[in-house]
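Notes to accompany the following structure.
The values are calculated or read from the model by the stated rules, or taken from the named source; none is laboratory data. What you are looking at is a predicted structure, and each value in this text was computed from that prediction instead of being measured. Every residue, glycine among them, receives a Cβ derived from its backbone with ideal geometry; neighbour counts consider all protein chains shown. With ligands, DNA and RNA removed, areas are computed over all heavy atoms of the protein, side chains included. Shrake-Rupley method; radii C 1.70, N 1.55, O 1.52, S 1.80 Å.
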Amino acid sequence: MDLDQRAGFSSDLQPLRSFLPTLLPVLGKKGDWYPSIWFERKSNRSMSVNLKQTQVSDSFSSGVVLRIYDGYTLHEQASDDLEPSRLRQLAEEFAARVQGAKIHAQAISRPYPCPSWRERLKQVTEKEILDQIGSLPAANQEVHFGVRFQKDPRGLTVEEATVELKALLKRILAIASEEGLPAQELSYALARYSLAEEESLFIDSSVNISQTLLRVAVTLVTMSGANRSIHRVGGLGGVESLAVHDSEILEMISDLKALKNAQRLAPGKYRVLFGPELSGVIAHEAFGHAQEGDTCARGRSRAWELHQSGEKVGNQNATIVNNPAIFKNADRNHAAWGSYYFDEEGWFSSEQVLLKEGVLQSPMTNLTSALRLGVPRTSNGKRETWANGVYTRQTNTYFSPGPYTLADLMKKLGDGFVATQAAGGMEDPKGMGIQVGLGWLREVKDGALTGRVFRGAAGGDIQLTGYVPDVLNSIVAKSKIEAESEAPDTARFPLNDSGGCGKYHKEFVNAGCGGPWMLLENVTLG
Amino acid sequence: MANWDLEALKASLRQQTEVKDWVVVQDSVRRCERYFLSESGNLATDQDRDSRQLSVSARIFVKLAGKLGRQGEIQKRFIQSRPLEPQVRAAVESALLTDHQAWSLPAKPASPLPELQSFDPAIAEDIHGAMNKLTGKIHQALAQTSGAQFNSSELFVSLHERELHYSTGFVHRAKQTRVYGEAAFSAQGRGISDEYLETRWSVMGDDLPIAEIFTEASKRAQMMLEVKKPATANLAVLVDSEVLLTLFNGHLSQLSGANRYHDLPHLKLGEPLIPSAYGDLITLSLDPSLEGGADTVAVSGDGTPQMKRVLVKENCVVDLMLDQQHAQYLGEKASVCRGSVVVEPGTRSKAELLSAAPRVLEILQFSGLFADEHSGTFSSEIRLAILHDRETGTSTPIKGGSLSGSINENFRGLGLSKEVVKRSHFESGSPAGSGYHGPAWALLSDVSITG
């Protein structure tokens, strides 16, 4: 499929884009300050159809973040009042407040000179980014990055979307009926479409860069009593990213049916083949969060000590990558959910290996954590919205692929379980524990599914727990990217599904979640 | 630049012939945040931020020609820098494509609504001053805390002001303040290092126990060095108010009119909240008037005055949470749908609950408690716990493994403490918080623990 269009920068934002650089002298009134500006505008539309209602909602958020890094602290003043004279006044008041801020006598100064275009592009290899820049831009030259698509989701009317969703709901009901799940047993069904147009700008004395991301998703939910089965497709791209195949609905209905007769798993150690979404959660919770530079700078991660000592924390299969520059998600025609061209502090995206065959590499960073740790900046400065603070956050985090097909892995599994449904997770960067929630397990005997399904000891989710190095040493084998084919992979990156991430218990951001299929042994489940 | 104001939006909505009813909401949020960390033993500020936000949204209800008993509806954010009329027309056109069972907003309340203590006046008056005062408390708490190593702390203070304008002519204004504090301490020894993060939300600045957050995080970080993994077993488990806040607020959905209307799992009047209960019987209210509660509101979003109602009396469901829309759908009278969960205390002290079984696992913190409101099941890794063994007289710190529970099964032999606490929790972006006022601890029976 030819993705022949790119999302442009909205022309109504151009006056603001031209005005904001005039605030930099105010924000940089002291020569050793590093001033910068972040602006974002997010328009979201959500439509849903369930058995009783058709709904629509539109939300919108836009705001500017004025930033001064004074060598000690990153100060931010954020506002959604974009009127130029009031923004200028706010910038002046803000700069005066920063100038008056007390600096502790023993505070360590870490000045930051504004990096040039050349310095920013040093780590960038992704053609999709470089092609949109062209030749090295002059300082302050406006450069735009836009996600590629075939059919513009912004052109999809409420009427068209509603018709599509109603048709999808009908397909769910028809397939449920064909599969022996009568209407009275399908107590709830919902099809939801969501589109977010996310536009952002980053400006400092070297760059004036913008990006437009189109985030689309379709979510299907079916319930029978308290049992629930969910399917979601989507990514950054056009309407073409949203195709839902009958086989996917069939799998969702089969799962729901099986859950009605689920057995309870006895707590213990098991051999489990994890699907892409769950291998992604394991990567994310193991040495995703622990490799967040701000967590390291706060003294809250063992990964920083282990990186410096070089101690091994996993076997040769334990290679974890974070990559915000996935603009073709596996073999799909859209970018991965956690992708962008630059982060919310204006740093360009590039692939980063966090753990290489069990050995920890340099962490991901945002601006202040890179300075505090003395490591390179990476493109991981993210925030929940413009009204929230910036942290080091993950983008698309996954295990590197292996050589096996899914059929090979099922054979290697022998007797055990297959897990494909994620149900949350939690990090423990200092204590090196891990929690990964599994919705349910499918039983496998002699490499074949038995049709039996298991839930947790109390009938709910199952929790995988353990010590991260033990879990990473228990990886037996990984699949190739195109796991169902014996032919060599053509895709460069594993599939990263649409997911979200909190930092401990708050600050929710979008994150890709995926990777290869992965076989682990001796996994503690309860 | 604002092109229009609330009055213009209301006037425009009144002029739309298809519009039946509307609720216009203006939200103003002011937030201050500071992120602290340890730098050469001193408290350094890594980030210091301030943000201001003003937004206008509306819920618009439209008549659907030729569809008796049905109506359209949209929830839409309006952008004040853009012309008003095209936004209103687009909203109405979109609403006309939706399809809901018809219902109507309630009449304007006949009597004045009570003044509620939903915000901290000191924060509302001077948010920077309040931030500085709390920052001072952090400096003081850090100076007074010893034992473990301080890693970091975060402090958030925000003021949320909301105006609700209804097509019935009713106008309501409310304020809420939110305060968040956290502290992370780590300890190391015998080749082990680990940390403890303590987090707390409150509505009033003085309700955020900063000194306690610091001392508890430090003490528990040191305890982390003594931990053992649990053995796989079914045990009596003591959980605290943070867990009870999550479980009760989630389980309330089964008492809601929305669940009943959509045929999602729900309980009916007269049914037991906990089937076959034999322990302390739960009496639970929803209280929207709780002083400093996380969801203290005089009216719900649909304009229905809110008053405390007992929903469960001695384990029997006696009332439901019925918002105006679903009450009308179900042919019932609207009742309470907002407020903090209030649970009547038990008669036993924490010490008595701990000695109520031969071995009790006291959960100090879950790693990530995930609760399914539909099934009532919940599970988590154990971040820190203490195994109290009455026979050996020992108390052993525990970390790791997981717990799997179910409200329907593990609350049967419930024991509620006589000590009570008030807790709050807020999710950013959500207009309502989750509040809990009730027993500080509860003893659950026969819970599956995986070592």
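Can you tell me which residue among A:77, A:55 is at the interface with another protein chain (Cβ under 8 Å from one of its Cβ atoms), free of Cβ contacts under 8 Å to residues at least 12 places away in the same chain and not small (Gly, Ala, Ser)?
None of the others qualify; the one that does is A:55.
Which members of segment A:476-499 meet the condition of being closer than 19 Å to residue A:287 by Cβ and either modelled with pLDDT under 95 or buried (at least 22 other Cβ atoms within 10 Å of the Cβ) (or both)?
A:478, A:493, A:494, A:496, A:499
Could you please find all residues in segment A:341-394 being of a type in the set (D, E, K, R) and within 24 Å of residue A:205 (Cα to Cα)?
Those that are of a type in the set (D, E, K, R) and within 24 Å of residue A:205 (Cα to Cα): A:343, A:344, A:345, A:372, A:377, A:382, A:383.
Of everything in segment B:383-402, what is surrounded by 23 or more Cβ atoms within 10 Å (Cβ to Cβ), more than 8 Å from every other protein chain (Cβ to nearest Cβ) and within 30 Å of residue B:253 (Cα to Cα)? Give them in sequence order.
B:385
Can you pull out every residue in segment A:483-505 that is in contact (Cβ under 8 Å) with a residue 24 or more places away in the chain and within 21 Å of the chain's Cα centre (by Cα)?
A:491, A:492, A:493, A:494, A:495, A:496, A:497, A:498, A:499, A:501, A:503, A:504
Would you confirm, using the coordinates I've provided, whether residue A:105 is free of Cβ contacts under 8 Å to residues at least 40 places away in the same chain and either in the same structural domain as residue A:210 (by TED's automatic domain parsing) or assigned to a loop (DSSP other than H, G, I, E, B) (or both)?
Considered against the rule, which asks whether it is free of Cβ contacts under 8 Å to residues at least 40 places away in the same chain and either in the same structural domain as residue A:210 (by TED's automatic domain parsing) or assigned to a loop (DSSP other than H, G, I, E, B) (or both), residue A:105 comes out as yes.
Residue under question is residue A:232, and the condition is that it be more than 22 Å from residue A:457 (Cβ to Cβ) and outside the structural domain of residue A:185 (by TED's automatic domain parsing); does it hold?
no
Do the conditions hold for residue A:173, that is, is it within 14 Å of chain B (Cβ to nearest Cβ) and in a helix (DSSP H, G or I)?
no
Let me spell it out: the conditions are (1) over 30 Å from residue B:298 (Cα atoms); (2) of a type outside the set (S, T, N, Q); (3) modelled with pLDDT of 95 or more, and residue B:122 meets all of them except one. Which number is the exception?
Unmet for residue B:122, out of (1) over 30 Å from residue B:298 (Cα atoms); (2) of a type outside the set (S, T, N, Q); (3) modelled with pLDDT of 95 or more: (1).
Which numbered condition in (1) in contact (Cβ under 8 Å) with a residue 24 or more places away in the chain; (2) open to solvent by less than 10 Å² (accessible area, probe 1.4 Å) is the only one that residue B:51 fails?
(1)
Test residue A:128 against the stated conditions and say whether it is open to solvent by 40 Å² or more (accessible area, probe 1.4 Å), assigned to a helix (DSSP H, G or I) and either at the interface with chain B (Cβ under 10 Å from one of its Cβ atoms) or among the charged types (D, E, K, R) (or both).
Taking the combined requirement at face value, the residue does not satisfy it.
Rundown of residues vs (1) of a type in the set (S, T, N, Q); (2) touching a strand residue (DSSP E or B) at 6+ places or on another chain (Cβ under 9 Å), yes/no style:
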{"residue": "A:2", "(1), (2)": "no, no"}
{"residue": "A:5", "(1), (2)": "yes, yes"}
{"residue": "A:24", "(1), (2)": "no, yes"}
{"residue": "A:28", "(1), (2)": "no, yes"}
{"residue": "A:32", "(1), (2)": "no, no"}
{"residue": "A:38", "(1), (2)": "no, yes"}
{"residue": "A:82", "(1), (2)": "no, yes"}
{"residue": "A:92", "(1), (2)": "no, no"}
{"residue": "A:95", "(1), (2)": "no, yes"}
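For residue A:133, work out the one condition from (1) aliphatic (A, V, I, L, M); (2) touching a residue at least 24 places away in the same chain (Cβ under 8 Å); (3) under 30 Å from residue A:350 (Cα atoms) it doesn't fulfil.
Checking residue A:133 against (1) aliphatic (A, V, I, L, M); (2) touching a residue at least 24 places away in the same chain (Cβ under 8 Å); (3) under 30 Å from residue A:350 (Cα atoms), the one that fails is (2).
Could you say whether any residue in segment B:75-98 is facing chain A (nearest Cβ under 7 Å), of a type in the set (S, T, N, Q), open to solvent by 30 Å² or more (accessible area, probe 1.4 Å) and not in a strand (DSSP E or B)?
Yes, segment B:75-98 contains at least one residue that is facing chain A (nearest Cβ under 7 Å), of a type in the set (S, T, N, Q), open to solvent by 30 Å² or more (accessible area, probe 1.4 Å) and not in a strand (DSSP E or B).
What number of residues within segment B:1-59 satisfy the criterion of being assigned to a strand (DSSP E or B) and within 26 Å of residue B:173 (Cβ to Cβ)?
Residues in segment B:1-59 being assigned to a strand (DSSP E or B) and within 26 Å of residue B:173 (Cβ to Cβ): 25 in total.
Please go through segment B:268-291 and pick out each residue that is surrounded by 19 or more Cβ atoms within 10 Å (Cβ to Cβ), in contact with a strand residue (DSSP E or B) (Cβ under 7 Å, 6 or more places away or on another chain) and either of a type outside the set (S, T, N, Q) or closer than 16 Å to residue B:117 by Cβ (or both).
B:273, B:279, B:280, B:282, B:284, B:286, B:287, B:290
Quick check on my filter: what residues within segment A:25-40 are part of a loop (DSSP other than H, G, I, E, B) and either out of contact with any Pro (no Cβ under 7 Å at 6 or more places or on another chain) or without any contact (Cβ under 8 Å) to a residue 60 or more places away in the chain (or both)?
A:29, A:30, A:31, A:33
Need a quick list: strands (runs of 3 or more DSSP E) entirely within segment A:367-441 having at least 1 residues that are within 14 Å of chain B (Cβ to nearest Cβ) and open to solvent by 10 Å² or more (accessible area, probe 1.4 Å).
Correct list: A:422-426.
Residue by residue through segment A:145-157, note down the ones that are open to solvent by less than 10 Å² (accessible area, probe 1.4 Å) and either farther than 16 Å from residue A:218 by Cβ or not in a strand (DSSP E or B) (or both).
A:145, A:146, A:147, A:153
Only one of these is open to solvent by less than 30 Å² (accessible area, probe 1.4 Å), without any contact (Cβ under 8 Å) to a residue 60 or more places away in the chain, within 13 Å of another protein chain (Cβ to nearest Cβ) and aliphatic (A, V, I, L, M): A:90, A:13. Name it.
Answer to the check: A:90.
Would you mind stating whether residue B:133 is under 20 Å from residue B:160 (Cβ atoms), modelled with pLDDT of 95 or more, over 23 Å from the mean Cα position of the chain (by Cα) and open to solvent by 90 Å² or more (accessible area, probe 1.4 Å)?
yes
Report whether or not residue B:177 is of a type in the set (S, T, N, Q), under 25 Å from residue B:118 (Cβ atoms), open to solvent by less than 10 Å² (accessible area, probe 1.4 Å) and at pLDDT 95 or above.
yes
Test of understanding: among B:138, B:123, which residue is within 14 Å of another protein chain (Cβ to nearest Cβ) and touching a Leu at 6+ places or on another chain (Cβ under 7 Å)?
B:138
Among the listed residues B:360, B:421, identify the single one that is assigned to a strand (DSSP E or B), more than 11 Å from chain A (Cβ to nearest Cβ) and either closer than 30 Å to residue B:178 by Cα or free of Cβ contacts under 8 Å to residues at least 12 places away in the same chain (or both).
Criteria check complete, one pass: B:421.
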